[in-house]
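Quick note: the coordinates plus some simple rules give every number you see, no bench work behind them. These numbers come from a predicted model, not from an experiment. Cβ placement follows ideal geometry from the backbone for every residue including glycine, while neighbour counts extend to all protein chains displayed.
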Amino acid sequence: MESANAVIAPRLRASWQRSARYGAPEDEVRPVFTGSLDTGSLLYECGNEVLRGLQATLANEPVSLMITDSEGLVLSRLCTDASIVRSLDRVHLAPGFYFAESNAGTNGLGLALADRAPTLVRAAEHYCTGLRGYTCAAVPVLDPLTGALAGSVNLTTWSDQSSELLLALAQAAAGNTAALMLARASGRTPRPAPRGEVFRVHSDRFDPADVPSLSPGWSEALDEASVALSRGRVVAVVGEAGAGKTALASAARRAARPRDRVLNARPPAPDDVDTWLTLWTPELLKDETCVIVSGVDTLPAWAAAELAGLFAQAHREGEPPPFVLTAQDAGGLPEALAPLVEVVVEVPALRFRPDDVLPLAHHFARRDRGREVVFTPAAVRALTACDWPENAKQLRRVVREAASRSDVIDGRHLPAEVFSGVGHRLSRLQAMERDEIVRCLAEPGSTVVGAAEKLGMGRATLYRKMGQYGIKARQFRS
C-alpha cells in the first residue's frame, strides 16, 4: 500500500490544486446540469450492456455503476440500493450532471478523465466535503478505433465499504466496454494499442531531396510554422489524426535550424508516463536539439503541468524553442500548456489536399519498396477519389500493402476501403459483402453485369448495394 500511496499522492495533490484554481466549492457539490444526453452513442450502448451484466453479479451490494462521457457528464447510473441512490441524488451524482474536476473538484471520475488513468478516490481524498461519504473507482474508456477519450466507467460505494476490489471491477468493466465497442464497430481497423515508444530520431533518416513537393495548403502551413520557430515562438501544430502533424513540425524545425537534431516523443501508455518523462526530458537542455512532443492532448493533467515547468526552464529568449507540440485541436491543449503556445498552425486534412495524394503515394511507395512504383489510371482514380478519413497515415498503409505485391499498382491491388465512401459503421457481414463486391468489380475486364453474375445477384441489386456502400463503377474502368 505504501508504494500505491506514493504514486497516487502527487496526482491527488495536483488535482486539489486544480480544483482550487477552478473555484470548485469545498462544502457543497454544485455541478452543472444539462437536459441533453447522448444516449445513442456507442459508448452508452456498450457501457450500459456491460454494467448491467456486472450489476447482476453485485446483487444486494451498495454499489452504483455509471457511464460518463469525456467531459464528465453522467450518462447513466445503475443501482438497486435505494439508500445510496437517494444519497447520490442529494449530491447530484446522477445522469445529466457534470462531475469533471472543474465542476465538482477532486473526485474519482473527474480525476480519471483528467489524467486518463485508473483512479480510486476514497472518503477524505475528495475535495468537496459533500462527497467524503463515498469511495469512487473510475477508469477511462478509450475509443478502440481512434484512441480518443470516449468517457469513463465509475463505481461508487459508501466510504466505509471495502474498496479493495472496486478499482479492479471498474478496470474490467472499462476493458469490456472498449472490447464491445470494437466488436460493434466491425468493418473498420482498430487503432493499435500503445507500445510505449519513447522517441524516434529523425535526423538519421531526413533527406530534403526525398520530400515531395506538396500543395499550397501544406506549404503555407509549413512556412507559417518555420517562420514562427525561427523567431523563437512556441508552436503547436494541430490537425486530424494521421494528417502529418509531426512530419510538418519536423520539416519546419529543420527549415529554421537545419543542423539541429530532432526527436519525437510520442505519447506513451498511461502507466508509462513517469518513465517516458524521465527518459527524454533531459534532451530539452541539450544544445541544437528539438523534441516534438506529439499528442499532448492525450497526456494526464499532472504530466502536462510538469512539462510546462520544464519547457519554461528550457526555452531561451530569442532562440527557437527546444520543443514543438502537436494536438488534434487547439481547444484540446492541456490547461497547463496552453498559455505557453504563441502560434497555432493547422495541418489541413488530406481530403482538403487532393493534389497531395499522388505525390505522397509515390513517396511512400518509393520509401517502402526501395524503387519507383507505377500506378495505373484505375489506381489513380481510386486513390484520388477516396476521402482518406485516416489521412496520410491510411494512405501510407494502403500504398505499402499494395507496393508489397507489385511494382505496377492497379485497382485490384487496393483494399476495398479505398473504393467505399460509407460514412457509417459496417457490420462484419456488411464489410465482407462490400469487400467481395469490390473484388469482383476490380478484376481485369470486369463489368457490373459480369460482377452481378459472379455474385449471384441481379444487376439492380448490385447497383443498389454499390450505392449503399458508396462504390462508384467509374473507379474500376481502365
(message) Going by average Cβ density within 10 Å per residue, which order do the peptides 87-94, 140-147, 162-169 take, highest to lowest?
(response) 140-147, 87-94, 162-169
(request) Relative to the longest principal axis of the C-alpha atoms of the chain, give the angle of the C-alpha long axis of helix 357-369, reported between 0 and 90° and rounded to the nearest 10°. (result) 90 degrees
(request) Over the alpha-carbon set of region 352-476, work out the extent along each principal axis and list the three values in angstrom, largest first. (result) 43, 30, 24
(message) To make sure I understand the rule: partners must be lysines, Cα under 19 Å from the Cα of Lys465, and not fewer than 8 residues away in the same chain. Which ones qualify?
(response) Lys454
(request) For region 69-83, take each phi angle, set θ = phi - 60°, evaluate the Karplus expression 6.51 cos²θ - 1.76 cosθ + 1.60, and give the result in whole Hz per residue in order, putting x for glycine and proline. (result) 8, 5, 9, x, 6, 6, 8, 8, 9, 10, 6, 9, 8, 4, 5
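Local charge sum around Ala173 (other residues, Cβ-Cβ under 13 Å, Lys/Arg +1, Asp/Glu -1)?
My count for the surroundings of Ala173 gives 0.
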(message) On the Cα set of region 283-420, report Rg and Dmax in Å, please.
(response) 19.8, 55
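Given the convex hull of the Cα atoms of region 199-348, what is a quarter of its surface area in nm²?
Numbers: hull surface 32.7 nm².
Taking a quarter of the hull surface, the average projection is 8.2 nm².
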(message) Could you tell me the calculated FRET efficiency between Arg233 and Val449, based on Cβ-Cβ distance and R0 = 51 angstrom, to the nearest 0.05?
(response) 0.25
(message) Can you tell me the length gained on complete extension of the stretch Arg13 to Leu429, counting 0.36 nm per residue apart and subtracting the Cα distance?
(response) 144.8 nm
(request) Can you tell me what the convex hull of the Cα atoms of region 2-184 projects to on average, as an area in nm²? (result) 9.8 nm²
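Ala124 to Lys472: FRET efficiency via 1/(1 + (r/R0)^6), r the Cβ-Cβ distance, R0 41 Å, to the nearest 0.05? Please report the intermediate quantities before stating the final value.
Numbers: r = 63 Å, r/R0 = 1.53.
It comes to 0.05.
How long is the gain from Gln313 to Val32 if the chain were fully straight, where each residue apart is worth 0.36 nm and the alpha carbon distance is subtracted?
Numbers: separation 281, 0.36 × 281 = 101.16 nm, distance 3.72 nm.
Taking 0.36 nm per residue and subtracting the Cα distance, the gain is 97.4 nm.
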(request) Would you mind ranking Cys128, Cys46, Cys136 so that the residue whose beta carbon has the fewest other beta carbons within 10 Å leads the list? (result) Cys128, Cys46, Cys136
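Hey, what does the equivalent ellipsoid look like for the chain, semi-axes from the Cα gyration tensor as sqrt of 5 times each eigenvalue, largest first, whole Å? All intermediate terms of the calculation are to be shown ahead of the outcome.
On the way: eigenvalues 373, 221, 54 Å².
Listed largest to smallest, the semi-axes of the chain are 43, 33, 16 Å.
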(request) Starting with the highest mean, order 219-230, 115-126, 75-86 by the number of other Cβ atoms within 10 Å, averaged over the residues of each peptide. (result) 115-126, 219-230, 75-86
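Taking 0.36 nm per residue of sequence separation and subtracting the Cα-Cα distance, how much length would be gained by fully extending the chain between Ser219 and Glu49, in nm to one decimal?
Details: separation 170, 0.36 × 170 = 61.20 nm, distance 4.77 nm.
Fully extending the segment from Ser219 to Glu49 adds 56.4 nm.
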(message) Can you give the FRET efficiency to the nearest 0.05 for Arg21 and Leu285, using r as the Cβ-Cβ distance and R₀ = 35 Å?
(response) 0.80
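For the peptides 432-445, 387-400, what is the packing order when you average, over each peptide's residues, the other Cβ atoms within 10 Å and list the highest mean first?
The densest-packed peptide leads the list: 387-400, 432-445.
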(message) Give the lysines reachable from Lys393 as a straight Cα distance under 19 Å; neighbours fewer than 8 places away on the same chain don't count.
(response) Lys245
